[in-house]
1. Confirm whether residue 472 is in contact with a Lys or Arg (Cβ under 7 Å, 6 or more places away or on another chain) and either over 18 Å from residue 378 (Cβ atoms) or part of a loop (DSSP other than H, G, I, E, B) (or both).
2. Quick one: residue 4 ticks every box in (1) open to solvent by 10 Å² or more (accessible area, probe 1.4 Å); (2) part of a helix (DSSP H, G or I); (3) closer than 30 Å to residue 489 by Cα bar one, so which box is it?
3. In region 320-358, what residues are of a type in the set (Gly, Ala, Ser) and crowded, with 23+ Cβ neighbours inside 10 Å?
4. Quick check: anything in region 386-393 closer than 21 Å to residue 287 by Cα, under 17 Å from the mean Cα position of the chain (by Cα), open to solvent by 30 Å² or more (accessible area, probe 1.4 Å) and among the hydroxyl-bearing types (Ser, Thr, Tyr)?
5. Assess whether residue 488 counts as being among the hydrophobic types (A, V, I, L, M, F, W, C) and in contact with a Leu (Cβ under 8 Å, 6 or more places away or on another chain).
6. Quick check, is residue 138 assigned to a helix (DSSP H, G or I), touching a helix residue (DSSP H, G or I) at 6+ places or on another chain (Cβ under 8 Å), closer than 22 Å to residue 332 by Cα and charged (D, E, K, R)?
7. If the Cβ limit is 7 Å and pairs must be 6+ apart or interchain, which residue in region 80-96 that is over 22 Å from residue 57 (Cα atoms) pairs with which residue that is among the β-branched types (Val, Ile, Thr) and modelled with pLDDT of 95 or more?
8. Consider residue 186 carefully, then state whether it is within 30 Å of residue 83 (Cα to Cα) and either surrounded by 20 or more Cβ atoms within 10 Å (Cβ to Cβ) or more than 22 Å from the chain's Cα centre (by Cα) (or both).
Amino acid sequence: MNETFNYGIDPLTIGKAIDIARGKTSAILNDAAVKKIKTSHRYVEQIVKEKRTVYGVNTGFGILANTAISEDDTATLQHKILQSHSVGVGDPIPVEVARIMLVTKMHALSQGYSGVKLETLERINWHLENDVIPVVPEKGSVGASGDLAPLAHLFLPLIGLGECYYKNERKTTQEVFQKEGLKPIQLGPKEGLALINGTQFILAFSVERMHNCLEAADIIGAMSLEALTGTKAPFDERLHELRPFAGNKLVAQRLRLLLHNSAIMQSHVDCGRVQDPYSLRCMPQVHGASRNAWLHLKELTETELNSVTDNPIILGANDTISGGNFHGQPLALPLDYASFAAAEIGNISDRRCYLLLEGKWGLPLFLMQNVGLNSGFMIPQYTTAALVTENKTLCFPASADSIPTSLGQEDHVSMGSISARKLGKVLDNLEFILAIELLSASQAIEFRRPFRSSEILEYAHSFVRSHVGFAEEDRIFADDINKVAGFIKDFSFVRKVNEFAESKGIMLNNGFENFSIRTR
């Protein structure tokens, strides 16, 4: 296990949040965090005792902000806000996303500006440490006061309600508490509001998955270029210094290293072809632009990871600010941008799939010798075409829309949760598109024998062949697609290729460490 992370004290990165959620890094509330938490909670107690009017402490919520709540009812108010805001619908979000939401909420509340009790944070941490993860429906947030509905469901178990995943089963919280000998906690003033105000649902989605797809796309694109006897000249470092976008330079470097010492590349240096199609020649520009979009999302997400996003902010017993740090707009826009970027990776991948089928440059039509009787790889490209088109329909920016809620009090909302979920769906499709290109490129490379590709790409090819064999004739290609998509989705393809490259002393991303998911 890696070094211990201190909630509310240490800077949180995407990589650290993921490692904590997966149990690879321990996370604690140290003495400094506990001191800040207790001080903030005392401020709230003082506000209630002295009957000063503070939004959400002793008032209603949203349009009901001017409705006073008695001291006797302040705790009931917080209980009811979790109940009333638990209006989510649809399928549950992935368990890992819910874990990351718990981690990021722990970190935000532990900074000492939210007024929550130490006991509340300790119970949240109990859920993480014991892998008792709340069930959270995926739909119902407009990204206005943050992710009200998802966060309400996330924290229903604190008050003994809702459902949890417990020992790989979905159970009611009451059943879990009976087995664990636990009782619901009593929320104090402001705690319910602090729990549900924030952007933890929006920021929990897809950054790592998109990074994996970008890494895979370069490797797979290089394999397609080899199979199509393309040239590596457009990846020359001197060219990209003349238009020095960081993502473009990174992709060009990766392609140069991936293709280094390829016998296939050397076999056609005098072929007379002047230019390759854009889907081969412009990989640095297209993949690189998507890399730049990802980097923007990563940087903004890490700012949000370390932000306090509930409302009001408690600075002192006589110093509270009711503002809008919960508003999802700062992430809604880059999430939509990332959806376009991910969709474009699928778009260019589909074009390379199509090129591989045309029967040009020494490859057989549809990548099979006996076509007519066999359809070969013609039909898998239908699937990439369908998925690319579906992704285009998912690229309408959710953040371009706003529907007023709370009788107009929340008159501009971000729709950031929808942006986040759409990006997840685009990535679902992209992983299958890349799988089909990888399957096709692996088939095509075998028609270049006895020439071999670079060591790294030959390793990538052998990794595919350890799961899926060469196709002499038609078979149920859906089985092959699902196998290949499986090792793209679980990150093992990229991880194994990177490990092999490093074993040869080749660091594909050397000099571009800010593009890593694990930047510390």
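1. no
2. Evaluating residue 4 over (1) open to solvent by 10 Å² or more (accessible area, probe 1.4 Å); (2) part of a helix (DSSP H, G or I); (3) closer than 30 Å to residue 489 by Cα leaves (2) as the failure.
3. Residues satisfying the conditions are 328, 332, 338, 339, 341, 342, 343, 346, 349.
4. No, every residue in region 386-393 fails to be closer than 21 Å to residue 287 by Cα, under 17 Å from the mean Cα position of the chain (by Cα), open to solvent by 30 Å² or more (accessible area, probe 1.4 Å) and among the hydroxyl-bearing types (Ser, Thr, Tyr).
5. For residue 488, the condition - among the hydrophobic types (A, V, I, L, M, F, W, C) and in contact with a Leu (Cβ under 8 Å, 6 or more places away or on another chain) - is met.
6. no
7. Every condition considered, the pairs that remain are 88/136; 92/135; 92/136; 93/136; 95/133.
8. So residue 186 passes the test.
The values are calculated or read from the model by the stated rules, or taken from the named source; none is laboratory data. Quantities reported herein were computed from a predicted structural model and do not represent experimental measurements. All Cβ positions, even for glycine, are placed from backbone atoms using ideal geometry, and neighbour counts span all protein chains on display. When the accessible area is computed, the model is the full protein with side chains, heavy atoms only, and any ligands, DNA or RNA have been set aside. Shrake-Rupley method; radii C 1.70, N 1.55, O 1.52, S 1.80 Å.
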